[in-house]
Amino acid sequence: MLLRMAVCARLCGAGQSRRCRRRQRHSQPHQDSDSDMDMDEEEEEERVVGKTKDEPDGGSSCHSSGAGVLGSGASAGPPHPQSLLDLPPELLVEIFSSLPGTALPNLALVCKKFRQILNTETIWRRRCTEEFGMRDDLRKMEILGMSSRDLYVKLLHPYRHILGLWQPDIGPYGGLLNVVVDGLFIIGWMYLPPHDPRVEDPMRRRPLFRIHMWEKNKAAVECMYGHKGPHKGDIQTVKKDEFSTKCNQTDHHRMPGGRQEEFRTWLEEEWGRTLEDIFHEHMQELILMKFIYTSQYDNCLTYRRIYLPPCLPSDLLQPGLFKGTYGSHGLEIIMLSFHGSKAKATKLTGDPNVPAGQLTLEIDLNRPVRLPDLEHQRSIEELSRLVLGVHEEAQRGPQSRDAPSETAEGSDSAPPAGAEDVEPGAAASEAQPFVLPLGVMARNEVYPRTCKMCFYGTGLIAGHGFTSPERTPGLFVLFDDDHFGFIWLELKSFSLYSRLTDQLSHAQAPTLERFEAMLRNMQSWTS
């Protein structure tokens, strides 16, 4: 920023840079108090959230003595502009509007003329539009008597670091939060899976908090949890890529009927049914356990930043977020990403057995499996023979691909090819018939009856409390670009996954390295 200021100062002929003036100030201790005040004001202006004030009479100006030569030349009317000072104000407004908002306060330090131009509403309106996607909402803001500059400086910029995707720290259950600029608010939306087992239904969302500027010259945080409307809350930045919310009026979360009424309301929202409608005793226990556990976090939550996986041309299908069935645990959200010859599915929401953040599926794209005809597909024994044959080869290591075992030779499975033979992103083969084997449980009676490709993979299973975790073999089934499934051989169950189609803002990973580091951190949070 100092370099940018120095360049602008040189272009407009504003004389010495701020650093030079600081040295001069320290070398002249007898300087009057007015100069000290000027320096304090300049340092304050470097903060984006600070107010821009008119510079005192003793402050620097674009027409100071340091600009004498250029100033006299400008008054003589040169045929072509010799500096930024010679440009008309409307052109300066256009130039300054194209700069990022974080650079504008430092630009105001150059001279008094720049500072005055930077008070132009057009500049800040464009910053709100280009950096935060605000358009029609700015008209509502004018009705409320709020300036674009106040909106940018006091709301959008101070809270820009919480925009994006986050995972709440709710023990094994996790979650998915998207913080966005929504109208004249910044809102934190919690995304919830559809009611089990309707995996094709759209995601549900619920506001957890919002930030606005209805109060004059001040951003206010409100908690949206509960059934009594918005109430006072607070947001604190814990550290980089982490923040927390706190409710200051938890009585708004309570209901007149006490815990029983709160549980019935929660059950209707979470599962779309009553406890009497759930006949499975184990599922009832899981539901009660989740309500008791999650209700402890209704007044304070911590969030950690997560990113959407980057997309590469070699990927088998577009990576992203999917919702899938997990037996008695209901629907959960997973993140599918590709890593060379591997595809990984990481849980964003979890359960007491396998918590959020863990690697629920790992698919070996170098080990395709060719399905037999429909009659043999209905046999769980035939499917187990195919997948376990590939599993044994995978356990022996990469060298086994060059020397197929007798089991592999006698099966209908395609020999696992090396990376040079099968490209992970190679075009999928033609659709082939697919049917679940008899005895395999599925939450969805309706599932695709054709698939493109199948691969060997492993799924993570564990006891309650994530005890004795182990990876067990299974079959990854790619139906189309938005659906895939996984057959858990040991559990004799089938999970169907459907892509999330919601547009999630500020969610892309800046680099592949940052995404990889995020995945490692997610597993450490719950391991």
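The values are calculated or read from the model by the stated rules, or taken from the named source; none is laboratory data. What you are looking at is a predicted structure, and each value in this text was computed from that prediction instead of being measured. Note that we place each Cβ from the backbone using ideal geometry, even for glycine, and neighbour counts take in every protein chain shown. To get the accessible areas, we keep the full protein, side chains included, count just its heavy atoms, and leave off ligands, DNA and RNA. Shrake-Rupley method; radii C 1.70, N 1.55, O 1.52, S 1.80 Å.
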> Going by the structure shown, is H231 open to solvent by less than 40 Å² (accessible area, probe 1.4 Å) and touching a residue at least 40 places away in the same chain (Cβ under 8 Å)?
Replying inline: no
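Confirm whether D298 is more than 20 Å from G465 (Cα to Cα), in contact with a strand residue (DSSP E or B) (Cβ under 9 Å, 6 or more places away or on another chain) and not aromatic (F, W, Y).
Here the answer is yes, as D298 does meet what is asked.
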> Across segment 453-500, what is the number of residues that are more than 30 Å from the chain's Cα centre (by Cα) and outside any strand (DSSP E or B)?
Replying inline: 4
> Out of the residues in segment 489-517 that are in contact with a Pro (Cβ under 9 Å, 6 or more places away or on another chain), at pLDDT below 90 and more than 17 Å from V180 (Cα to Cα), which is least open to solvent (accessible area, probe 1.4 Å)?
Replying inline: T511
>> Checking the condition buried (at least 19 other Cβ atoms within 10 Å of the Cβ), at pLDDT 90 or above and within 26 Å of G357 (Cβ to Cβ), which residue from G465, G389, G459 passes?
In response: G459
>> Could you go through segment 340-349 and let me know if any residue there is open to solvent by 20 Å² or more (accessible area, probe 1.4 Å), in a loop (DSSP other than H, G, I, E, B) and assigned by the TED database to the domain that holds S468.
In response: yes
> Can you name the residue in segment 144-201 that is of a type in the set (D, E, K, R) and under 28 Å from Y297 (Cβ atoms) and is also nearest to the chain's Cα centre (by Cα) among such residues?
Replying inline: R160
> Here are some conditions: (1) at pLDDT 90 or above; (2) within 30 Å of D480 (Cα to Cα); (3) of a type outside the set (F, W, Y). T302 meets all but one. Which one does it not meet?
Replying inline: (2)
> Can you pull out the helices (runs of 4 or more DSSP H) entirely within segment 84-139 that have at least 1 residues that are open to solvent by 40 Å² or more (accessible area, probe 1.4 Å)?
Replying inline: 89-97, 112-117, 121-132
> Within the bounds of segment 303-318, is there any residue that is open to solvent by less than 20 Å² (accessible area, probe 1.4 Å), in contact (Cβ under 8 Å) with a residue 24 or more places away in the chain and over 23 Å from the mean Cα position of the chain (by Cα)?
Replying inline: no
